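Notes for the one structure printed next.
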Amino acid sequence: MDPATAEPRPELMDLREVRLLDLEAIKGSHLAHSMRRLVEEADRRDEACARFESAF
Amino acid sequence: MATEWPAGLDVADLLRRGWRPAPFRQFVVKLHGRCNLACDYCYMFHSTDQGWRSRPAVMSRAVADQICARIAEHCAAHDLPRVAVVLHGGEPLLAGATMIGRFAVDLRRALTMSTAVDLSIQTNGILLDERMLDVLAEAGCRVGVSLDGDRGGHDRHRTRTGGQGSYDRVMRGIRLLAGERYRPLFAGLLCTVDLANDPLRTYEALLESAPPLIDFLLPHGNWSNPPPGRTPGAPDAPYGSWLAEVFDHWYSAPRRAGVRLFDETIQLLLGGWTTSEVVGLSPYRTLVIETDGALEQVDTLRSAYPDAAATGYHISSDPLDAALTHPALVARQIGAEALSAQCQRCPLRNVCGGGCYPHRYQAGAGFRNPSVYCADLSWLIRHIQARLSTDLARLTSRGAERA
């Protein structure tokens with residue numbers, strides 16, 4: 001649920017679930033492309049957070 | 001206009017509450033302010049805003065130099081590792097190969113080693129020839145071209161000043177760009193949706209040159225000046241169903257080209273991030289610089305009312321940071337706070353993000369309204385959501401079986 005709206009959130013998956021999926025099974029599809037991008041972006045943000053935290 | 005939102009937006013209060021503007025990361029530079037086409041839907045030349053008439057046709061060397069220095073100043077102040085500069089118009093290729101090449105060299109020289117620049121140009125394709133493409137290749141400048149589908153669809157709106165269609169000339173340029181020699185420069189195609197065009201024929205025509213990316217643009221309009229075929233507030237979704245038909249075709253096939261609107265919607269539905277202007281709630285971080293050096297908001301705002309894109313700042317007297325706290329630009333960076341009450345309550349809020357900002361305008365109220373395309377966006381997002389849900393259920397059950 002989205003606490004601001006008390007409605008179900010439109011997001012369909014938790015990132016932790018995405019990381020567990022076997023993307024080889026849908027290789028070449030738009031969905032595989034999107035999931036790969038999602039994970040790469042999450043990793044970039046994690047790295048940026050880690051850099052930020054280590055600076056203080 | 002003083003009562004129209006965001007004119008009364010209290011930026012000082014936002015700053016007191018801890019909000020901070022995000023620095024610009026895209027600069028749209030108008031090297032040339034005139035065009036060699038006379039497209040009937042053009043927001044630049046055929047809207048109520050006729051500001052282009054009082055601006056110089058071509059950017060002066062002095063203004064171009066100031067732009068390079070100001071962008072460099074902004075990048076250094078905010079420690080930006082990468083920015084995008086988009087050469088735009090009018091028709092930017094009218095500036096000529098020499099000016100474009102010189103600007104690219106000056107820009108890269110002005111930016112320090114710590115900031116990379118993604119340089120691109122958005123053109124109607126008429127002047128794309130080998131000499132121009134050689135200069136763009138030398139400048140490291142990628143090329144996006146406007147093409148509205150097949151000949152019939154394209155020539156319905158994108159005409160020469162004499163009324164004849166531009167399709168043949170544009171396709172000549174696109175074929176050259178998409179060929180082996182210049183292909184690395186090919187950034188993609190921009191297509192304005194027309195309900196009179198068959199969606200699949202339009203999409204297939206765009207795919208012919210194998211673009212890496214396709215951008216579908218909804219015709220600009222708002223609650224006071226509705227887009228063609230869109231009755232404000234009506235529950236039907238002509239544009240949503242047009243796009244959904246393309247989505248199904250695109251999504252069912254192996255990935256050949258990205259379609260920005262679909263890719264970004266999928267990212268948001270999956271809980272990811274986007275920098276799109278059209279969907280989502282990410283801060284919008286683009287600044288436009290006119291041929292005379294005026295700092296402006298996105299051009300498409302011209303479709304709302306005259307001077308809607310103005311900020312009052314100028315490259316010669318103001319650092320780019322000045323524009324970051326202009327209420328109209330702040331309104332593009334505060335996410336859900338900029339949305340109407342109806343959008344705030346909507347379960348699709350985080351994905352839709354209220355839609356493209358100019359499409360929210362209503363005379364007398366301003367920009368704090370749902371998009372005039374609300375029904376279409378809702379239709380399309382729910383359609384994509386349904387397709388994804390089915391596939392994800394299949395994928396996760398397959399994973400569970402293996403486990």
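The values are calculated or read from the model by the stated rules, or taken from the named source; none is laboratory data. On a predicted model such as this, the values are computed, not experimentally measured, just so you know. Cβ sites come from the backbone with ideal geometry, for glycine too, and all protein chains shown count toward neighbours.
Structure notes:
- Among (1) of a type outside the set (Lys, Arg); (2) away from chain A (no Cβ under 14 Å); (3) in contact with a Gly (Cβ under 8 Å, 6 or more places away or on another chain); (4) in contact (Cβ under 8 Å) with a residue 60 or more places away in the chain - the single one B:Leu218 does not satisfy: (3)
- The listed residues are B:Val63, B:Val83, and the only one of them that is more than 18 Å from B:Met132 (Cβ to Cβ), in a strand (DSSP E or B) and in contact (Cβ under 8 Å) with a residue 40 or more places away in the chain turns out to be B:Val83.
- Filtering segment B:37-51 to residues that are out of contact with any His (no Cβ under 7 Å at 6 or more places or on another chain), in a loop (DSSP other than H, G, I, E, B) and modelled with pLDDT under 80 leaves B:Met44, B:Phe45, B:His46, B:Ser47, B:Thr48, B:Asp49, B:Gln50.
- Annotation: of all residues in segment B:354-403 being modelled with pLDDT under 90 and either among the small types (Gly, Ala, Ser) or closer than 21 Å to B:His249 by Cβ (or both), the one that is nearest to the chain's Cα centre (by Cα) is B:Leu392.
Rundown of residues vs (1) in contact with a helix residue (DSSP H, G or I) (Cβ under 7 Å, 6 or more places away or on another chain); (2) of a type in the set (Phe, Trp, Tyr); (3) more than 20 Å from B:His88 (Cα to Cα), yes/no style:
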position: B:Arg151; (1), (2), (3): yes, no, yes
position: B:Asp155; (1), (2), (3): yes, no, yes
position: B:Asp198; (1), (2), (3): no, no, yes
position: B:Tyr203; (1), (2), (3): yes, yes, yes
position: B:Glu208; (1), (2), (3): no, no, yes
position: B:Pro211; (1), (2), (3): no, no, no
position: B:Phe216; (1), (2), (3): yes, yes, no
position: B:Pro227; (1), (2), (3): no, no, yes
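- Candidates B:Ser378, B:Ser371, B:Ser397 - the one that is touching a residue at least 24 places away in the same chain (Cβ under 8 Å), over 30 Å from B:Ala62 (Cα atoms) and either within 14 Å of chain A (Cβ to nearest Cβ) or part of a loop (DSSP other than H, G, I, E, B) (or both): B:Ser378
- The listed residue being away from chain A (no Cβ under 14 Å) and among the aliphatic types (A, V, I, L, M), out of B:Ala257, B:Ala237: B:Ala237
- Some residue of segment B:247-254 being without any contact (Cβ under 8 Å) to a residue 12 or more places away in the chain, outside any strand (DSSP E or B), farther than 19 Å from B:His78 by Cβ and hydroxyl-bearing (Ser, Thr, Tyr): yes
- Residues located in segment B:15-34, provided they are outside any loop (DSSP other than H, G, I, E, B) and of a type in the set (Lys, Arg): B:Arg16, B:Lys30
- Test set (1) closer than 23 Å to B:Ala304 by Cα; (2) at pLDDT below 95 - B:Ser340 fails condition number: (2)
- Hits in segment A:13-25 (condition: facing chain B (nearest Cβ under 7 Å) and over 19 Å from B:Leu268 (Cβ atoms)): A:Leu20, A:Asp22, A:Ala25
- Segment B:255-273, subset of a type in the set (Gly, Ala, Ser) and assigned to a loop (DSSP other than H, G, I, E, B), residue nearest to B:Asp215 (Cα to Cα): B:Ala257
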